[in-house]
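Asker: Questions regarding the structure given below will be posed in turn.
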Amino acid sequence: MRILVTNDDGIRSPGVQVLAQKMLELGDVVLAAPLEEKSAIGHGITIRDPIRVRKIKVDGVEQAWGINGTPADCVKLGLAELMDHKCDLVISGINCGPNMGTDVLYSGTVSAAIEGVILGIPSLAVSLASWDSEDYTDAAEIVNRLVKYLLENKLTLPRGTLLNVNIPAVKKEEILGYKVTILGERQYENRFEKRLDPRGNPYYWSVGKLLPFTEETLDYDVVAVEKNYVSITPIQFDLTNYKIIQEVKDWGLENL
């Protein structure tokens, strides 16, 4: 099995290195990740600048490459140039902090996995729901267990769909189980603090806090993780709202 591992926190982040090392138990691993942190960059790609690649030393991982591009760049370049055989799986993570609800639209971690499925490769995005934890060992074991289960049972997703996995940042024995979930909401105050630089020019700093999510059912990823379940959400990049296609046609727009 050939696995491409990437992330948006950068190739030197402990999450991606622990994940790559753990995935070696399942097959050959190529680690291709940004040289610098690219959090919340979404699905940006580099088209007007050169993309440079540097070999990075990561214990146990022979093929580890730092790339001065976005997470999506890393997947595109990794699959096209850095892997000398067909890729079987793309895993993006383990992210520092959750990627749930509407945050998946901003997430570089999720976008890297989306790029994988765009290119026809089964993909997972994995996040640890903590900004402070530095121990990714248990999370990597959970990913290992999940991938093994998918392989042993020959389970495949429809083309264009990936699994978005969020893991509670608690001790292994405190995790209550796994839940297949839908996306909740992660709404923030749209608030900025105006400041002045030393030359008197204004600039703005985003200071909006996360607003509470009012739903309580475990069907939502946000709630499941809060209740110490591993959340597994199938998501797709096709954003078409098929339920209202006919309604919009009935508006007469095609007759303009």
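The values are calculated or read from the model by the stated rules, or taken from the named source; none is laboratory data. Owing to the predicted nature of the structure, the values given are computational and were not obtained by experimental measurement. Cβ coordinates were reconstructed from backbone atoms using ideal geometry, including for glycine residues, and neighbour counts include every protein chain displayed.
Asker: For region 119-133, which positions are touching a helix residue (DSSP H, G or I) at 6+ places or on another chain (Cβ under 9 Å), farther than 11 Å from Ile94 by Cα and not polar (S, T, N, Q)?
Answerer: Correct list: Leu119, Ile121, Pro122.
Asker: Starting from region 236-256, keep only residues that are hydrophobic (A, V, I, L, M, F, W, C), then list their pairs with residues that are surrounded by 10 or more Cβ atoms within 10 Å (Cβ to Cβ) whose Cβ atoms are within a distance under 8 Å, requiring at least 6 positions of separation or different chains.
Answerer: Pairs found: Phe237/Ile114; Phe237/Val117; Phe237/Ile118; Phe237/Gly160.
Residues are listed down the side, and each one gets a yes or a no for (1) of a type outside the set (Gly, Ala, Ser); (2) in a helix (DSSP H, G or I); (3) surrounded by 23 or more Cβ atoms within 10 Å (Cβ to Cβ); (4) at negative phi:
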residue	(1), (2), (3), (4)
Ala32	no, no, yes, yes
Glu36	yes, no, no, yes
Ser39	no, no, no, yes
Glu81	yes, yes, no, yes
Val90	yes, no, yes, yes
Ile94	yes, no, yes, yes
Pro98	yes, no, yes, yes
Thr109	yes, yes, yes, yes
Ala113	no, yes, yes, yes
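Asker: Now, a different point. How many of the residues making up region 213-256 are over 19 Å from the mean Cα position of the chain (by Cα), in a helix (DSSP H, G or I) and of a type in the set (A, V, I, L, M, F, W, C)? Before you say what the answer is, go through the steps one by one.
Answerer: Narrowing region 213-256 to residues over 19 Å from the mean Cα position of the chain (by Cα): 213-219, 227-228, 240-256.
When the remaining residues are screened for being in a helix (DSSP H, G or I), the result is 242-250, 253-255.
Next, from what is left, pick out any that are of a type in the set (A, V, I, L, M, F, W, C): 244-245, 248, 253.
Of the residues in region 213-256, 4 are over 19 Å from the mean Cα position of the chain (by Cα), in a helix (DSSP H, G or I) and of a type in the set (A, V, I, L, M, F, W, C).
Asker: Let me ask something else about it. Restricting to region 127-169, what's the tally of residues that are farther than 21 Å from Ile182 by Cα and part of a loop (DSSP other than H, G, I, E, B)?
Answerer: Summing the residues that are farther than 21 Å from Ile182 by Cα and part of a loop (DSSP other than H, G, I, E, B) in region 127-169 gives 8.
Asker: For residues that are assigned to a loop (DSSP other than H, G, I, E, B) and modelled with pLDDT of 95 or more, scanning just region 171-183, find the one that is nearest to Thr102 (Cα to Cα). Break it down stepwise before answering.
Answerer: Going residue by residue through region 171-183, those that are assigned to a loop (DSSP other than H, G, I, E, B) are 171, 175-176, 181, 183.
Imposing the further condition that a residue be modelled with pLDDT of 95 or more reduces the set to 175-176, 181, 183.
Working: Ile175: 24, Leu176: 24, Thr181: 14, Leu183: 7 Å.
Among those that are assigned to a loop (DSSP other than H, G, I, E, B) and modelled with pLDDT of 95 or more, it is Leu183.
Asker: Every residue in region 133-176 that is under 20 Å from Ser107 (Cα atoms) and without any contact (Cβ under 8 Å) to a residue 60 or more places away in the chain, please.
Answerer: Answer for region 133-176, where residues must be under 20 Å from Ser107 (Cα atoms) and without any contact (Cβ under 8 Å) to a residue 60 or more places away in the chain: Ser133, Ala169.
Asker: Here is a follow-up. Only one of (1) assigned to a loop (DSSP other than H, G, I, E, B); (2) surrounded by fewer than 24 Cβ atoms within 10 Å (Cβ to Cβ) fails for Ile11. Which number is that?
Answerer: All conditions pass for Ile11, except number (2).
Asker: Something else about it: From the residues in region 235-256 that are surrounded by 14 or more Cβ atoms within 10 Å (Cβ to Cβ) and at pLDDT 95 or above, which one is nearest to Gly120 (Cα to Cα)?
Answerer: Let us first name the residues in region 235-256 that are surrounded by 14 or more Cβ atoms within 10 Å (Cβ to Cβ), namely 235-237.
Now drop any that are not at pLDDT 95 or above, which leaves 235-236.
On the way: Ile235: 15, Gln236: 13 Å.
My answer is Gln236.
Asker: Looking at region 184-197, I want the residues that are under 13 Å from Thr102 (Cβ atoms) and of a type in the set (Gly, Ala, Ser) and have a partner that is modelled with pLDDT of 95 or more and assigned to a loop (DSSP other than H, G, I, E, B) with Cβ atoms under 7 Å, at least 6 apart or on another chain. Which pairs are those?
Answerer: Pairs that qualify, where the first residue is under 13 Å from Thr102 (Cβ atoms) and of a type in the set (Gly, Ala, Ser) and the partner is modelled with pLDDT of 95 or more and assigned to a loop (DSSP other than H, G, I, E, B), are Gly184/Met100.
Asker: Looking at region 39-69 only, could you name the residues that are more than 16 Å from Ile11 (Cα to Cα) and basic (Lys, Arg)?
Answerer: Arg48
Asker: Follow-up. Please list, ordered by first then second residue, the pairs with beta carbon atoms under 9 Å, 6 or more apart or interchain, first in region 26-44 and in contact (Cβ under 8 Å) with a residue 12 or more places away in the chain and closer than 19 Å to Cys96 by Cβ, second surrounded by fewer than 17 Cβ atoms within 10 Å (Cβ to Cβ) and aromatic (Phe, Trp, Tyr).
Answerer: Pairs that qualify, where the first residue is in contact (Cβ under 8 Å) with a residue 12 or more places away in the chain and closer than 19 Å to Cys96 by Cβ and the partner is surrounded by fewer than 17 Cβ atoms within 10 Å (Cβ to Cβ) and aromatic (Phe, Trp, Tyr), are Ser39/Tyr106; Ala40/Tyr106; Ile41/Tyr106; Gly42/Tyr106.
Asker: Same structure, new question: Kindly indicate which of Gly160, Gly120, Gly184, Gly177 is of a type in the set (Gly, Ala, Ser) and either under 30 Å from Val207 (Cβ atoms) or in contact with a Pro (Cβ under 6 Å, 6 or more places away or on another chain) (or both).
Answerer: Within the list Gly160, Gly120, Gly184, Gly177, the selection yields Gly184.
Asker: List pairs: first residue in region 56-84 and of a type in the set (Lys, Arg), second residue assigned to a helix (DSSP H, G or I) and crowded, with 19+ Cβ neighbours inside 10 Å anywhere in the structure, Cβ distance under 7 angstrom, at least six positions apart or on different chains.
Answerer: If the second residue must be assigned to a helix (DSSP H, G or I) and crowded, with 19+ Cβ neighbours inside 10 Å, the pairs left are Lys76/Glu115.
Asker: Restrict the check to region 118-132 and report whether at least one residue is of a type in the set (Asp, Glu), surrounded by 15 or more Cβ atoms within 10 Å (Cβ to Cβ) and out of contact with any Ser or Thr (no Cβ under 7 Å at 6 or more places or on another chain).
Answerer: No: zero hits.
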